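Q: Before I ask anything, here is the structure I am working with.
Read-outs: derived from the displayed coordinates by stated rules, not from any lab. Owing to the predicted nature of the structure, the values given are computational and were not obtained by experimental measurement. Note that each Cβ is placed from the backbone with ideal geometry, even for glycine, and that neighbours are counted across all protein chains shown.
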Amino acid sequence: MSDAAKACPSLAELALTFNHISLVSFGGGLSAWSREVVVVEKKWMSEEEFLSILTMCRILPGANQVNVAIFVGAKFLGLPGAVAAVFGLTFLPAVLILLLGAAYFQYSHVPALQDALKGAAAGAIALTLSMAFKTGRKCLLGTVPWILFVATFFLNGILRWPLFGVLALTAPLALLWAWPKAK
Amino acid sequence: MKDEGLNLIHVLILFSSLSLLSIGGGNTVIPEMHRKAVESYSWMNGKQFADLFAISQATPGPSILLVTLIGYKAAGITGAVLATVAMILPAGILVYLVSRLWSRSADSPLRSAIEKGFAPLTVGLVLASGWVMSKSADHDWRAWILTGACTLLCTTTKTNPILIVGGAALIGWLGWV
């Protein structure tokens, strides 16, 4: 109890901390960096609390990192805390990406840039694929999860069904399968 | 000018609805963003979409800022701001409300069913994103080898993702892809 009180940050500290997390991490690395800062460095949360929040943030709609910022900010300072954390996380990166984007549309005809972007796209796609492998290794245990996984991939990726249609079909089946059995 | 106004309305509707549909993270709605931005609204071609995706992955910050770039291409700076806010706000409000309830519902069967049951769906959606992006980037066999090598590196080692994307960009710049 006294630990939590000691650790309670100010609005500015929340914004600055998430700004820091945001700027030192890239793409898939954000959850790992959030854990490093929130659990290890600042000791704002226990390992278990952070992990259960991370799972929840992955399930809920919205970018995972934004959701983590909301959970952490809201835990300490309610709505203002959540807003401060999200602002810190997104403001500077948004400015940065706009500058890069504007430069891209200005110079996208330069051949060397085209070549570099082609390589970067291959790397960026690799990050997404490897996230699928890493998380799949942990949760695709058994026949039903595999069927749910393949069906979702096939409908959304190959047949290009809209997401809403895919989830309307697969989410009820997933919940039915995962519902805790009555004792 | 009239086009820009219409685009702003489309940006607002598209991203505020995708916000609530982005279950499992922003990357899961990339196929849907691609469908709308490239095929329905013709804001850009598939190649440009793949390039913007690469830029968003190589920039620090949440990768969801891809929507900032799509909004910018569709309707300028106003579009960029509107897309970002529209993508964050609806889901953000929901997440805030849930964060207030979550700690009190540790024993609920719905919570454990959601935690366990949605995991395979999320993996399927993430893999679908990777698949759609590689089709959009119009990969040839050399790009596929590069993607494969980077995937292996990223899956089996703890290499910083920026090094992987940066290294791949360098290989492309040298003209090897």
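Q: Given the options B:GLY92, B:TRP141, B:VAL123, identify the residue whose Cα lies farthest towards the positive end of the charge dipole of segment B:40-142 (+1 on Cβ of Lys, Arg; -1 on Cβ of Asp, Glu).
A: Among B:GLY92, B:TRP141, B:VAL123, the one farthest towards the positive end of the dipole of segment B:40-142 is B:GLY92.
Q: Please report, largest first and rounded to whole Å, the three semi-axes of the ellipsoid equivalent to segment B:103-157, where each semi-axis is the square root of five times an eigenvalue of the C-alpha gyration tensor.
A: Computed over segment B:103-157, the values are 36, 14, 7 Å.
Q: Please rank A:SER34, A:SER10, fewest neighbouring Cβ atoms within 10 Å first, as an exposure proxy.
A: A:SER10, A:SER34
Q: Which helices count as membrane-span-like in chain B under these terms: full DSSP H, at least 24 Å along the axis by C-alpha, Kyte-Doolittle mean of 1.6 or more?
A: Once both thresholds are applied, what remains is B:66-102.
Q: Taking the Cα atoms of the protein assembly as shown, report the difference between the largest and smallest coordinate on each principal axis, in whole Å and largest first.
A: 59, 48, 45
Q: Another question, if that's okay. Among B:PHE53, B:VAL132, B:LEU101, whose Cα sits farthest toward the positive end of the charge dipole of segment B:28-177 (+1 at Cβ of Lys/Arg, -1 at Cβ of Asp/Glu, about the Cα centre)?
A: B:LEU101
Q: OK, next. Sort the following peptides by mean Cβ neighbour count (other Cβ atoms within 10 Å, averaged over residues), highest first: A:157-169, B:88-100, A:125-137, B:60-72.
A: Highest-to-lowest ranking by the protection proxy: B:60-72, A:125-137, B:88-100, A:157-169.
Q: So how far, in whole Å, is the C-alpha centre of segment A:111-147 from the one of segment B:131-177?
A: With segment A:111-147 and segment B:131-177 each reduced to a Cα centre, they are spaced 10 Å.
Q: As an exercise, find the ratio Rg/Rh for segment A:135-183 from alpha-carbon atoms, using the Kirkwood inverse-distance average for Rh.
A: 1.02
Q: While we're here: Please report the relative contact order for segment A:52-183, taking Cα pairs under 8 Å with a sequence separation of at least 6, and give it as a percent rounded to a whole number.
A: After rounding, I find 9 percent.
Q: Here is a further query. When the C-alpha atoms of segment A:100-183 are aligned to their principal axes, what extent does each axis show, in angstrom, from largest down?
A: Principal axes ranked by extent give 64, 26, 21 Å for the Cα atoms.
Q: Would you mind giving the mean number of other chain beta-carbons within 10 Å of the Cβ of each residue in A:72-85, as a whole number?
A: Mean partner-chain Cβ count within 10 Å for A:72-85: 2.
Q: What do the square roots of 5 times the Cα gyration tensor eigenvalues come to for segment B:5-97, in whole Å, largest first, as semi-axes of the equivalent ellipsoid?
A: 19, 15, 12
Q: Hey, got the dipole for the protein assembly as shown? About the Cα centre, +1 on K and R Cβ, -1 on D and E Cβ, debye to the nearest 20?
A: 660 debye
Q: Of all alpha-carbon pairs in segment A:32-79, indicate the percentage at a distance above 15 angstrom.
A: Of the Cα pairs, 39 percent sit more than 15 Å apart.
Q: May I pose another question? What is the projected area of the convex hull of the Cα atoms of segment A:37-183, averaged over all directions, in nm²?
A: 13.2 nm²
Q: Take peptide A:173-181, look around each residue's Cβ out to 10 angstrom, count Cβ atoms belonging to other protein chains, and average those counts.
A: Across A:173-181, the average partner-chain Cβ count within 10 Å equals 6.
Q: Still on this model: Largest first and in whole Å, what are the equivalent-ellipsoid semi-axes of segment B:66-149 based on the Cα gyration tensor, each being the root of 5 times an eigenvalue?
A: In descending order, the three semi-axes are 33, 25, 7 Å.
Q: Given an 8 Å cut-off on Cα distances and at least 6 residues of separation, report the relative contact order of chain B as a percent.
A: 27 percent
Q: Take the Cα pairs of chain B, get the Kirkwood Rh, then feed it into Stokes-Einstein at 25 °C and 0.890 mPa s and tell me D in µm²/s.
A: It diffuses with D of about 137 µm²/s by this estimate.
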